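Q: What follows is a single structure, and I will ask about it in a moment.
The values are calculated or read from the model by the stated rules, or taken from the named source; none is laboratory data. Just so you know, these numbers come straight off a predicted model, no measurement behind them. All Cβ positions, even for glycine, are placed from backbone atoms using ideal geometry, and neighbour counts span all protein chains on display.
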Amino acid sequence: MSFQPLMNTYNRLSVAFERGEGAWIYDTDGNKYLDALCGIAVTGLGHAHPAVTKAISDQAARLIHCSNLYTIPLQEQLAEKLTTVSGMDNVFFGNSGAEANEAAIKLARRYGHKKGVETPTIIVMENAFHGRTLATLSATGNRSAQAGFEPLVSGFVRVPYDDMEAIRQIAGKNPNVVAILVEPVQGEGGVHIPAPDYLNQLRSICDENEWLLMLDEVQTGNGRTGRYFAFQHTDIMPDVVTTAKGLANGVPIGACLARGEAAELFTPGTHGTTYGGNPLACAAALAVVDTIQADNLCKHADELGQYIVDQFQQKLGDAPYIKEIRGKGLMIGIELTEAGSELAVLAKVKGVLLNVTGGGRVVRMLPPLIMSRNEADLLIHTVSQLIRVYAGDERSD
Ligand SMILES: *Cc1c(COP(=O)(O)O)cnc(C)c1O
């Protein structure tokens, strides 16, 4: 029996990329593509952003790694910056979204034990995505991702997304609940945007029951939805926020931010990491946060995202094969009435990178925050035309 040297975890498209610039990425044959996926919400500043390139190369020439047994000034600077941007009190750095969520789950368990709850339980949502480690996989609301990995980690109870009544039912019955873990907008689940007062209602029920409100902003953070964090569209403050994807524009990093009581739960020896918060990743993230602020990229993402959704609405909104067009900032989903997974391949042939999620029915776009209006127009034109042709609609514009 012979094996491919790579483990078989992805169905990959046959294209390989060798360089990128801004919203564009180039394959090994020299073809160029408008990158409306950003490596799944990672390269928010576009490819090869000069500020990030400079921060990484300067830092690589100085010091890439330093153990957390020592003071790491860049880590402290980044913590200062992120707590200021978010209003949270402190932060733990890991290397990925899943690790950031692992830290959040551990905080919730510690919070429970401190309150005398021996089997602390976290409320999580149907269709949620929180990562692939065992605990985050157990929190994820996708049976097919979990199948074959049982026994799952216990201590989670699941309710439908955007359904306060389901949470109220649990509040009355389950004294082990200590926290809610939820995405402000579900990304992998298919760009689901909850009712405008959902986070406020979650905050209230958490306050009434002394639960932690923990927001998974791995995908929605770092300007993606038109605010630095998606919760900043509201006036509430969470107890825990996790982020990762857009934070260092592609250099692996994850962050778990905490506030109030949640910020005091870890003590030396209770959590740790070898690579997390290393000087290289922190230098890259500092350049990202500075650039997002200096270039007003949250506002740009907000406005450009609204423009893109409006335009898709005009071009496709009344078509019978479209169920719904949704967006929050530059997190955009076009839900079809039937599955259309092939659209990712067809878009690639037309020179646009996007993906299809939500059970194969939601065409998802996560364009970079630096995308220009002209690039957005090209994206809108290409994708609406592609969907029309795919659906056998003869209209064009
Ligand atoms: C991508 C994602 C994760 C997992 O992040 P990794 O870096 O792949 O571990 C967790 N939560 C959400 C909401 C995500 O979109």
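Q: Mind listing just one residue for me: the one in segment 106-139 that is closer than 21 Å to residue 168 by Cα and either modelled with pLDDT under 95 or within 12 Å of the ligand (Cβ to nearest atom) (or both) and, of those, nearest to the chain's Cα centre (by Cα)?
A: Only one residue fits best here, namely 128.
Q: Also: Is it the case, given these coordinates, that residue 189 is at negative phi and within 16 Å of the ligand (Cβ to nearest atom)?
A: Working: at negative phi: yes; within 16 Å of the ligand (Cβ to nearest atom): yes.
Yes.
Q: Within segment 49-97, work out how many residues are among the small types (Gly, Ala, Ser) and surrounded by 23 or more Cβ atoms within 10 Å (Cβ to Cβ).
A: Qualifying residue count, segment 49-97: 3.
Q: Moving to a separate point now. For the structure I just gave you, tell me whether residue 143 is over 20 Å from residue 238 (Cα atoms), within 10 Å of the ligand (Cβ to nearest atom), surrounded by fewer than 22 Cβ atoms within 10 Å (Cβ to Cβ) and not hydrophobic (A, V, I, L, M, F, W, C). Outline the logic, then answer.
A: On the way: over 20 Å from residue 238 (Cα atoms): yes; within 10 Å of the ligand (Cβ to nearest atom): no; surrounded by fewer than 22 Cβ atoms within 10 Å (Cβ to Cβ): yes; not hydrophobic (A, V, I, L, M, F, W, C): yes.
Against the criterion (over 20 Å from residue 238 (Cα atoms), within 10 Å of the ligand (Cβ to nearest atom), surrounded by fewer than 22 Cβ atoms within 10 Å (Cβ to Cβ) and not hydrophobic (A, V, I, L, M, F, W, C)), residue 143 does not qualify.
Q: Related question: Report whether or not residue 190 is surrounded by 15 or more Cβ atoms within 10 Å (Cβ to Cβ), touching a residue at least 60 places away in the same chain (Cβ under 8 Å), touching a strand residue (DSSP E or B) at 6+ places or on another chain (Cβ under 6 Å) and part of a loop (DSSP other than H, G, I, E, B).
A: Yes: the conditions hold for residue 190.
Q: Sticking with this one: Quickly run through segment 247-274 and pick out the residues that are touching a residue at least 60 places away in the same chain (Cβ under 8 Å) and in contact with a Gly (Cβ under 8 Å, 6 or more places away or on another chain).
A: The answer is 249, 250, 253, 254, 255, 256, 259, 273.
Q: What's the total number of residues in segment 107-133 that are of a type in the set (A, V, I, L, M) and out of contact with any Pro (no Cβ under 9 Å at 6 or more places or on another chain)?
A: To start, the set of residues in segment 107-133 that are of a type in the set (A, V, I, L, M) comprises 107-108, 117, 122-125, 128.
Right, trim to out of contact with any Pro (no Cβ under 9 Å at 6 or more places or on another chain) and you get 107, 122-124, 128.
Going through segment 107-133 one residue at a time, the tally reaches 5.
Q: Give me a count of the residues in segment 160-173 that are outside any loop (DSSP other than H, G, I, E, B) and either loosely packed, with under 12 Cβ neighbours inside 10 Å or within 16 Å of the ligand (Cβ to nearest atom) (or both).
A: Of the residues in that region, 3 qualify.
Q: It is to be established whether one or more residues within segment 325-342 are out of contact with any Cys (no Cβ under 9 Å at 6 or more places or on another chain), surrounded by fewer than 17 Cβ atoms within 10 Å (Cβ to Cβ) and touching a residue at least 40 places away in the same chain (Cβ under 8 Å).
A: Yes, segment 325-342 contains a residue that is out of contact with any Cys (no Cβ under 9 Å at 6 or more places or on another chain), surrounded by fewer than 17 Cβ atoms within 10 Å (Cβ to Cβ) and touching a residue at least 40 places away in the same chain (Cβ under 8 Å).
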